[in-house]
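Q: Have a look at this one before I ask anything.
The values are calculated or read from the model by the stated rules, or taken from the named source; none is laboratory data. All values reported here derive from a predicted model rather than from experimental measurement. Positions of Cβ are backbone-derived with ideal geometry, glycine not excepted, and every protein chain shown enters the neighbour counts.
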């Protein structure tokens, strides 16, 4: 009878480990979107450092912007790496997540992409990503480069996605995954760097870039964690791994101007 009870205890424990989703004490489980985030985490520079500290880094790849914060807040992962600070702040405000910034890692300039440049932008349609945290950012980029003379975010957001300026440039919000298709069809789109990289790779992303944010405009992509875990040993090791000069070199060599290393704790 005792043996049966012991066996049942072991089985229940194994089932719990398999279903709970969290990582063990020596595994750092980080959710990330594919490129460049997951690729940076999978780089030798990051992986080897974490192994040297007695930990294993596992990367769970997400294809969307919604799931990683929910998974982090629910405790299914230890950290995530896919978003900039305004997006995280919006998620916290609207969904009540108890998350915080552990460190800044890189910046992906927001660029306008097209197969060819133009000098006269009147009566042109430009597509932008349909999340509220990037709408005003896209408008600022278009104003800075003469496509818009002014704008009002009060009359334009992701839920009311068409805006036409006084100089005839029409802006339309669409799903982020469709933006690159508008470019390959001959149109123009303002696209976050990670979507451009996933769609075309670093070389073509650089070729299709018409103009982009200046280096002074910083929307750093971050490691986000649960607030209670900010000082945990796992997160400290992860931050140390990403702070290495070797990580900066990997980013510069792999992505060129599409991704800028801007580490800051």
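Q: Condition test on residue 69, is it surrounded by 19 or more Cβ atoms within 10 Å (Cβ to Cβ), assigned to a helix (DSSP H, G or I) and at pLDDT 95 or above?
A: Taking the combined requirement at face value, the residue satisfies it.
Q: With the structure loaded, tell me whether residue 93 is at pLDDT 95 or above, part of a helix (DSSP H, G or I) and over 15 Å from the mean Cα position of the chain (by Cα) or whether it fails that test.
A: In short, yes.
Q: If a residue counts only when it is more than 21 Å from the chain's Cα centre (by Cα) and more than 21 Å from residue 260 (Cα to Cα), which strands (runs of 3 or more DSSP E) contained entirely in the stretch 162-216 have at least 2 such residues?
A: Passing ranges, in order: 162-164, 170-174.
Here's the yes/no breakdown for (1) crowded, with 19+ Cβ neighbours inside 10 Å; (2) touching a strand residue (DSSP E or B) at 6+ places or on another chain (Cβ under 9 Å); (3) not assigned by TED's automatic domain parsing to the domain that holds residue 34:
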residue: 193; (1), (2), (3): yes, yes, yes
residue: 197; (1), (2), (3): yes, no, yes
residue: 201; (1), (2), (3): no, no, yes
residue: 204; (1), (2), (3): no, no, yes
residue: 223; (1), (2), (3): yes, yes, no
residue: 227; (1), (2), (3): no, yes, no
residue: 231; (1), (2), (3): no, no, no
residue: 239; (1), (2), (3): no, yes, no
residue: 243; (1), (2), (3): no, yes, no
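Q: Looking at residue 81, is it in contact with a helix residue (DSSP H, G or I) (Cβ under 6 Å, 6 or more places away or on another chain), outside the structural domain of residue 186 (by TED's automatic domain parsing), under 27 Å from residue 190 (Cα atoms) and buried (at least 18 other Cβ atoms within 10 Å of the Cβ)?
A: yes
Q: Is it fair to say residue 94 is free of Cβ contacts under 8 Å to residues at least 12 places away in the same chain and not assigned by TED's automatic domain parsing to the domain that holds residue 40?
A: So residue 94 fails the test.
Q: A follow-up question, please. Name the single residue, out of those in the stretch 248-265 being out of contact with any strand residue (DSSP E or B) (no Cβ under 7 Å at 6 or more places or on another chain) and buried (at least 17 other Cβ atoms within 10 Å of the Cβ), that is modelled with the lowest pLDDT.
A: So, considering only residues that are out of contact with any strand residue (DSSP E or B) (no Cβ under 7 Å at 6 or more places or on another chain) and buried (at least 17 other Cβ atoms within 10 Å of the Cβ), the one modelled with the lowest pLDDT is 258.
Q: Looking only at the stretch 112-133, which residues are surrounded by fewer than 23 Cβ atoms within 10 Å (Cβ to Cβ) and within 18 Å of the chain's Cα centre (by Cα)?
A: Hits for the stretch 112-133 are 130, 131, 132, 133.
Q: Among the residues of the stretch 58-78, write down those that are in contact with a helix residue (DSSP H, G or I) (Cβ under 6 Å, 6 or more places away or on another chain) and either more than 21 Å from residue 231 (Cα to Cα) or assigned by TED's automatic domain parsing to the domain that holds residue 178 (or both).
A: 61, 62
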